[in-house]
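Okay, so here's the structure we're looking at.
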Amino acid sequence: MQRYTKMLAQKRPFFLNSNYCLENLMEDLKTNRAYASAFVNETLGTTLPQLLRKLRIEYADNLIQNFPTMKLNEVARCSGFNNLTSFRRAYKAKYGITPSEGFSKISDEQIGEK
């Protein structure tokens, strides 16, 4: 089990692939569907879609923090989301604000620092 955790941690961020799915995880872990699913569910305590969404949103928030002039659709695409609507919905569910409000918050904080 530890071997798989290390492998996933060392790979290029798999969650940035907007088409990543259980079949990809099976290939990465070199195992079958049942074990790949159990690995995520039991070891990480979540489902693969939930894990992907969480990692993508955290990555997107990092982009927003570090690149406040980046366009929203670029943030969504670079974070592994297929479309802006799903990105907005997931961001709001996690942070309670829209991505645009997140950008505004960063801009306001930067203005306050000057």
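Residue-by-condition table, conditions (1) in contact with a Leu (Cβ under 9 Å, 6 or more places away or on another chain); (2) touching a residue at least 40 places away in the same chain (Cβ under 8 Å):
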residue	(1), (2)
26	no, no
41	yes, no
45	no, no
73	yes, no
78	yes, yes
81	no, yes
88	yes, no
92	no, no
95	no, no
For segment 32-55, indicate whether the set of residues that are in contact with a Pro (Cβ under 9 Å, 6 or more places away or on another chain) and assigned to a helix (DSSP H, G or I) is non-empty. yes
Report, by residue number, each residue of segment 15-30 that is surrounded by 15 or more Cβ atoms within 10 Å (Cβ to Cβ) and at pLDDT 90 or above. 15, 16, 18, 20, 25, 26
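The values are calculated or read from the model by the stated rules, or taken from the named source; none is laboratory data. All values derive from a computational prediction rather than experimental measurement. Note: ideal-geometry Cβ built from the backbone for every residue, glycine included; neighbour counts use all protein chains shown.
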